[in-house]
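Quick one: this structure, given as structure tokens, is what I'll be asking you about.
Values in this text are rule-based calculations from the coordinates and carry no lab data. Since the structure is predicted, the reported quantities are computational estimates derived from the model, not experimental observations. So basically every Cβ, Gly included, is an ideal-geometry build from the backbone, and we count neighbours across all protein chains shown.
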Amino acid sequence: MKKIILLVLVSFTCFYSNALRGQVDKNEIGAWYMYFWNTQIKQGPWGFQGDVQHRNWNTIGDLEQLLLRGGLTYTPKKANIKFTLGYGNIQTGTFGLSKDKSTEHRIYQEALFPQKIGERFYLNHRLRYEQRFLENQDLRTRYRYNMFVNVPLNNKKITDNTFYLALYNELFINGQRKITTNKTVALFDRNRIYGALGYAIKKQMKVQLGMMRQTTDALGKNQMQLSFHHTF
């Protein structure tokens with residue numbers, strides 16, 4: 001009887017420790033390292049843009065996601081808006097010791113239009129619609145709205161050698177909610193709120209260091225973000 005009880009206790013301890021390793025530590029700060037780029041073709045209406053993001057559950061080493069994304073852009077003449085048709089490849093890791101990954105292919109369409117308020121508040125509104133192809137799931141769709149706000153500090157415009165505040169809030173809403181025969185997802189997917197200090201090395205080259213709070217129904221977690229923004 002004692003051996004049975006001991007065996008049960010050992011099994012429970014192993015199961016419980018494995019479960020703990022599989023749970024995301026919401027108190028541990030994650031880190032996202034990102035490169036954003038965009039360019040125009042001979043100053044015409046067509047161009048390209050994209051980004052590379054290495055996201056970690058911790059500061060470095062425990063991969064959350066590796067995201068590679070790029071798209072074709074179109075800016076109509078005499079219109080203060082930019083349209084993008086793009087594709088993303090996302091490799092998602094598992095929290096903890098496991099090296100398992102899943103793959104997502106994503107097609108997206110977006111519209112980006114800037115707005116200026118007063119002398120120092122530079123806004124960008126981004127609307128994005130995604131079609132998501134995940135392993136072992138039906139087609140998923142998602143709607144996203146992001147409002148970016150940049151506020152230059154030592155100049156009225158973000159030009160060479162300018163410090164600025166960078167803020168944004170992005171809301172994610174699921175479209176196609178049935179993802180398998182027996183599983184659905186909630187209408188609300190997540191929200192991200194972000195604040196950072198930015199520095200424009202040149203007008204076309206900026207770096208930002210800040211903190212983002214991501215909230216879902218299941219989890220709220222802080223993510224440090226270091227990003228480089230390049231226009232050429």
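Considering only DSSP beta bridges with both partners in the chain, what is the antiparallel share in %, to the nearest 5? Before the final figure, lay out the partial values.
Working: 115 of 124 bridges.
In the chain, approximately 95 percent of DSSP beta bridges are antiparallel ones.
Once you put a point 7 Å from the Cα of I193 and another 7 Å from the Cα of K178, both along the Cβ direction, what distance in nm separates them?
3.6
If you don't mind, another one. Could you work out how much longer the chain between F232 and Q91 gets when fully extended? Use 0.36 nm per residue separation minus the Cα distance between them, nm to one decimal.
Working: separation 141, 0.36 × 141 = 50.76 nm, distance 2.76 nm.
Here the answer is 48.0 nm.
Same structure, new question: Semi-axes of the equivalent ellipsoid for the chain, please: Cα gyration tensor eigenvalues, times 5, square-rooted, ordered largest first, whole Å. Spell out each step's value before the answer.
Working: eigenvalues 306, 95, 47 Å².
Each semi-axis is √(5λ); the values are 39, 22, 15 Å.
Just to confirm a number: summing +1 for Lys and Arg and -1 for Asp and Glu over residues other than K116 whose beta-carbon lies under 13 angstrom from that of K116, what do you get?
Numbers: positive: R120, K156, K157; negative: E119.
The answer is +2.
Please work out the FRET efficiency for the pair K203 and K26, using the Cβ-Cβ distance as r and a Förster radius of 45 Å; give the result to the nearest 0.05.
Values: r = 38 Å, r/R0 = 0.85.
The computed FRET efficiency comes out at 0.75.
For L127 and T215, what is the calculated FRET efficiency with R₀ set at 22 Å and r taken between the beta-carbons, to the nearest 0.05?
Working: r = 21 Å, r/R0 = 0.93.
So, using R0 = 22 Å, E works out to roughly 0.60.
State log₁₀ I(q)/I(0) for the range 31-149 at q = 0.09, 0.16, 0.22 Å⁻¹ as given by the Debye formula over alpha-carbon point scatterers of equal weight, solvent excluded.
-0.32, -0.90, -1.29
Let me check I've understood the local charge: for I107, count other residues with C-beta under 14 angstrom from its C-beta, Lys and Arg +1, Asp and Glu -1. What total comes out?
Details: positive: R69, R106, R128, R132, R140, R142, R144; negative: E104, E110, E130.
That works out to +4.
Okay, next question. Could you pull out the GluC sites (Glu not before Pro) across the range 100-193 that fall in loop regions by DSSP (anything but H, G, I, E, B) with no more than 10 other Cβ atoms inside 10 Å? It would help to have the intermediate numbers written out before the result.
Numbers: sites: E104, E110, E119, E130, E135, E170; in loops: E119, E135.
Taking the range 100-193 and a limit of 10 other Cβ atoms within 10 Å, the loop GluC sites (Glu not before Pro) found are E119, E135.
What do you get for the angle between helix 2-22 and the principal long axis of the chain? Use alpha-carbon atoms, 0 to 90 degrees, nearest ten.
Between helix and principal axis, roughly 0 degrees.
Further, regarding this structure: For the pairs K26/K116; K116/K202; K26/K101; K101/K203, flag any whose C-alpha to C-alpha distance is greater than 30 Å. If you can, show how the numbers build up before the last one.
Numbers: K26/K116 36 Å; K116/K202 20 Å; K26/K101 20 Å; K101/K203 38 Å.
Going by Cα-Cα distance, K26/K116; K101/K203 fall outside the 30 Å limit.
Just to confirm a number: summing +1 for Lys and Arg and -1 for Asp and Glu over residues other than T73 whose beta-carbon lies under 12 angstrom from that of T73, what do you get? Write out the running numbers ahead of the final one.
Values: positive: K82; negative: E110.
Summing Lys/Arg as +1 and Asp/Glu as -1 gives 0.
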